[in-house]
Amino acid sequence: MCIRDRFSFVPIDLSSSPCYWVCAYANNQHNLDQEVGVQLHETPFFRAMAMAEGTVSVADQHGICFDRIWCVFELYHSLVGRFKEGYSYDLYTYKPHKRFSQKEGMMLEYAVIGITDQMRLDDLDPSSKAKRELEFPRSLLDRAMAFSCEAGKASREDDRCRILESIGDHTQKLDEIVHGAVAGTLLRRVLEKDSPASHMKPKILECVSKGHISKIQLDLTGSSGDTELNVIELIQTLDPVACLSLQLCTQNPGEFPTALGSLTALTTLDLSGCSQMCGLHQGLKSLSQLTTLRLRDCISLGSLPSSAAHLNHLEILDLAGCTGLCELPEIFTDGQWANLHELNLQDCIQLSNLPDS
């Protein structure tokens, strides 16, 4: 059921039929020595992942996938020793529930829920993806937060020893990445003042800081956690080297916090829907690696800062729905954004003049 859901809603290459290798059924349980008693790189686990585009973990209600040593082996090669660029890791479980589908405009019934690397076909935007993942069972998230690869259990002690030996000095990194992935999903819950999980805020922010997280998606709209202090604390928590993509929606008024300039490795920044944001700080110039800047529906934004001239790698600038935008920076006429190939100014109704370029 989980695999059927993923197949139906996660974008795939339709030029070929997708195949799933199910490790629970693929090993000959009557001759495990022959199946997994060989060198690790010769095991079906390793060879299947080497050919795959990603891993899907299907967790039972007890989260056994975080306890078993062969699952630790799969997690390591899915999250740390990835075989190829773009290798994905998704976590699914069975949970009948109802939620509002923005795409269909109505409440729908679902049997499973997944935390996915990519947006699903029924996710209109990163915000809807984040809201969907809020349905993931808290009990399983807690199990993942307690994950320790060195505590992985095995039917054969030899398997445990050689898998941990193969992971080597990366045991702590694997723990941190698993904790960080889960912490990112819990962010909205722990930032809310009235949430039962609010006491976990220091622990979750610590996991985010150490989790080598490359992508953060957080919509605080309508949340009691949507405060300037929380936004600043979150940005200061992010790893400035690892964080490459930030999608954040907040309704805090004024300029976006200066702390944003510390995320110097960012290549994608999406502040769409920040309707009360009247400007971006000059610290934007520090984001010299930025290739995509999305500010859709930032209706209070009147202009871009002059420091935007330093965004020499910018390729996509999306200002659609910025109804308060009155002017574009002069750098458009100076040819300083030579790499820009997509500019969206739809519904920028206050913008009366466009540069000739």
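Of all accessible surface on the chain at a 1.4 Å probe, what whole percent is carbon and sulfur? Numbers along the way, then the final one.
Working: 8920 of 17680 Å².
Taking all protein chains in place, the chain shows 50 percent carbon and sulfur surface.
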Under the rule a/c < 1.5 gives rounded, and otherwise a/b versus b/c splits prolate from oblate, where does region 241-354 land using the Cα gyration tensor? oblate
Give me the Kirkwood hydrodynamic radius of the chain, using the inverse of the mean 1/r over all pairs of distinct Cα atoms, in Å to one decimal. 22.3 Å
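Give K131/K193; K131/K153; K129/K153 a once-over and call out the pairs whose C-alpha atoms are over 29 Å from each other. Can you show the working numbers first?
On the way: K131/K193 18 Å; K131/K153 34 Å; K129/K153 33 Å.
Violating the 29 Å limit, Cα to Cα: K131/K153; K129/K153.
Filter the chain for me: DSSP H helices, axial length by Cα at least 20 angstrom, mean Kyte-Doolittle hydropathy not below 0.0. List them by residue number.
On the way: long enough: 171-191 (29 Å, 0.34).
Helices meeting the span and hydropathy rule in the chain are 171-191.
Using packing as a proxy for protection, rank 103-113, 215-225, 293-303 so that the peptide with the highest average count of other Cβ atoms within 10 Å comes first. Provide the component values of the computation, followed by the final result.
Details: 103-113: 12.1, 215-225: 18.2, 293-303: 20.0.
So the peptides 103-113, 215-225, 293-303, ranked by packing, come out 293-303, 215-225, 103-113.
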Return the single residue from C65, C243, C161 with maximal mean-square fluctuation; model: Gaussian network over the chain, springs between Cα atoms under 10 Å. C161
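Please work out whether region 35-102 counts as rounded, prolate or oblate from its C-alpha gyration tensor, where a ≥ b ≥ c are the square roots of the eigenvalues and a/c under 1.5 means rounded, while otherwise a/b larger than b/c means prolate and anything else oblate?
Working: a/c = 2.93, a/b = 1.64, b/c = 1.79.
Oblate is the answer for region 35-102, as a/c is 1.5 or above yet b/c matches or exceeds a/b.
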Between region 75-136 and region 145-167, what is the C-alpha centre distance in whole Å? 28 Å
Between the residues L325, G225, I69, the Cα farthest towards the positive end of the dipole of the chain, that dipole coming from +1 and -1 charges on the beta-carbon of Lys, Arg, Asp and Glu, is from I69
Please sort 244-251, 233-240, 180-187 by packing, taking for each peptide the average over its residues of neighbouring beta carbons within 10 angstrom, highest first. 180-187, 244-251, 233-240
Hey, if you put +1 on the Cβ of every Lys and Arg and -1 on every Asp and Glu Cβ in region 97-218, which of Q102, L174, G152 ends up farthest toward the positive end of that dipole? Q102
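Sorting check: for 38-45, 188-195, which peptide has the highest mean count of neighbouring beta carbons within 10 Å, and how do the rest follow?
Working: 38-45: 14.2, 188-195: 17.4.
Going from most to least packed, we get 188-195, 38-45.
Please work out the FRET efficiency for the pair R162 and K203, using the Cβ-Cβ distance as r and a Förster radius of 41 Å; give the result to the nearest 0.05.
Values: r = 32 Å, r/R0 = 0.79.
Working from the Cβ atoms, E equals 0.80.
Average the reciprocal distances over every distinct pair of alpha-carbons in region 252-315, invert the result, and give the Kirkwood radius in Å. Please report the intermediate quantities before stating the final value.
Numbers: mean 1/r = 0.0857 Å⁻¹.
Kirkwood hydrodynamic radius for region 252-315: 11.7 Å.
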Estimated 222 nm signal from helices in the chain, with DSSP H stretches of n ≥ 4 weighted -39500 (n - 2.57), rounded to 500: -8500 deg cm²/dmol
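Skip the ligands, DNA and RNA, and give the accessible area per residue of the chain with a 1.4 Å probe, whole Å².
On the way: 17680 Å² over 357 residues.
So the chain comes to 50 Å² accessible per residue, rounded to a whole number.
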A student applying the Cα gyration tensor rule (rounded when a/c is under 1.5; otherwise prolate if a/b is larger than b/c, oblate if not) would label region 137-241 prolate
Projected label distance in nm at Y20 and H41, using a 7 Å step from Cα toward the beta-carbon: 3.0 nm
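Counting pairs of alpha carbon atoms under 8 Å apart in space and at least six apart in sequence, what relative contact order in percent does region 231-357 give?
On the way: 322 pairs, mean separation 23.9, N = 127.
Taking the mean separation of contacting Cα pairs over the length of region 231-357, I get 19 percent.
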Among bridges DSSP assigns within the chain, what percent are antiparallel (round to 5)? 25 percent
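The values are calculated or read from the model by the stated rules, or taken from the named source; none is laboratory data. Note that the structure is a prediction, hence the values are computed from the model and not measured. Neighbour counts are summed over all protein chains in view; Cβ atoms, including those assigned to glycine, are modelled from backbone coordinates with ideal geometry. Please note that ligands, DNA and RNA were not included when accessible areas were found on the heavy atoms of the full protein model with its side chains. Shrake-Rupley method; radii C 1.70, N 1.55, O 1.52, S 1.80 Å.
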